[in-house]
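Read-outs: derived from the displayed coordinates by stated rules, not from any lab. Please read these numbers as outputs of a predicted model, since none were measured by experiment. Cβ: placed from backbone, ideal geometry, glycine included. Neighbour counts: every protein chain shown.
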Amino acid sequence: MRKCAFLTLMLLPATVQASSESAMLLNLIAGDQRGKSQSLFSDGSPEWRSGLLSDVEVKKKPRFYDLVLRYTRKYDVPLALVLGVIQAESNFNPNAVSHKGAKGLMQLMDMNSKHWKIDPFSPEQNIQVGTAMIARFLTKYNGNIDMALAAYNAGEGNVRKYRGIPPYKETRQYIIKVKRNMKRFDGVNPSPPSLDSFPSLFQN
């Protein structure tokens with residue numbers, strides 16, 4: 001009995017020492033892990049906060065942006081080009097009427113509205129027809145934006161008559177103005193896809 005008690009007393013310091021060292025080691029590991037670990041959903045670093053979907057700078061979208069995006073995609077026309085035209089033509093006022101009688105956002109003449117059977121003061125119908133017209137001009141002039149804008153502003157007949165951009169001051173200034181507007185809208189990007197469009201990480 002005394003032998004057992006003696007052996008127990010002999011082993012106890014070693015056990016306590018081992019337990020103490022183990023606890024210290026575990027604490028060091030835990031402390032190291034706490035320092036390194038970070039929640040996936042915490043604020044995290046600037047790189048994480050920028051995110052996979054928000055790494056593209058998006059400027060404030062103008063009025064009727066969604067309609068313009070829809071029809072520029074449909075007719076394969078640069079988004080910034082149509083936004084630039086609307087800015088130059090009506091400053092995004094759907095009720096604008098020029099002294100020549102052009103109407104709506106993209107300032108369609110009555111002959112165009114009647115041909116397409118639309119209400120020029122309807123933002124969607126105006127944008128659809130105006131974008132379709134620009135698409136046709138871009139195709140006709142092999143993607144030359146200056147020529148397409150000249151035809152949109154001065155008419156195809158005058159472009160044909162002068163075999164290029166007509167020598168009208170208004171038309172030349174119009175082209176410069178629209179292209180300047182295009183640079184303004186270059187930073188306006190289509191909305192990133194919704195998170196709902198991605199499969200869940202925790203999906204079975």
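At a Förster radius of 22 Å, what calculated FRET efficiency corresponds to the Cβ-Cβ distance of Asp186 and Lys74, to the nearest 0.05?
Between Asp186 and Lys74 the formula returns 0.60.
What trypsin sites (Lys or Arg not before Pro) does the range 83-150 have in DSSP loop regions with at most 10 other beta carbons within 10 Å?
For trypsin sites (Lys or Arg not before Pro) across the range 83-150 that sit outside H, G, I, E and B with at most 10 neighbouring Cβ atoms in 10 Å, the list reads Lys100, Lys117.
Between Asn95 and Asp66, what is 0.36 nm times their sequence separation minus the Cα-Cα distance? Round to one decimal in nm.
8.6 nm
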